[in-house]
1. Around Q33, what is the net charge, scoring Lys/Arg as +1 and Asp/Glu as -1 over all other residues with Cβ under 13 Å from its Cβ?
2. Need the full-extension length gain, N59 to L16, defined as separation in residues times 0.36 nm minus the C-alpha distance. One decimal, nm.
3. Could you work out the percent of alpha carbon pairs in the chain separated by over 24 Å, rounded to a whole number?
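Coordinate-derived values only; no laboratory data. What you are looking at is a predicted structure, and each value in this text was computed from that prediction instead of being measured. Note that each Cβ is placed from the backbone with ideal geometry, even for glycine, and that neighbours are counted across all protein chains shown.
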Amino acid sequence: MDKGERPVETAHREALEEVGIDTADWKEIGEYQSRREHKKDVVYCFYVMVASPEFQIDNDEVSEARWFSKDEIPENRSFAVEEVLTLYGASR
């Protein structure tokens with residue numbers, strides 16, 4: 001987050017910068033404290049509907065991006081994805 005930026009503004013900006021998705025109807029679904037890598041971070045979680053499945057990744061920020069339905073999210077996923085799925089009732 002940039003100084004003075006609200007979490008929802010950060011989500012919108014980062015989605016636009018990193019995967020080229022520009023949508024404004026972000027809904028906060030919650031947040032959690034992460035202590036990974038010996039840090040104390042607050043992770044904000046959002047839900048948003050996109051108008052098109054098309055996206056364009058920034059190769060300096062993202063190595064790969066794909067869409068998945070909740071039932072198709074791969075088992076080989078990051079700790080952060082697992083945490084959000086567990087906390088907000090979307091896990092398998």
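1. On the way: positive: R35, R36, K39, K40; negative: E31, D41, E83.
After counting each charged neighbour, the total is +1.
2. Values: separation 43, 0.36 × 43 = 15.48 nm, distance 1.33 nm.
Separation in residues times 0.36 nm, less the Cα-Cα distance, equals 14.2 nm.
3. 22
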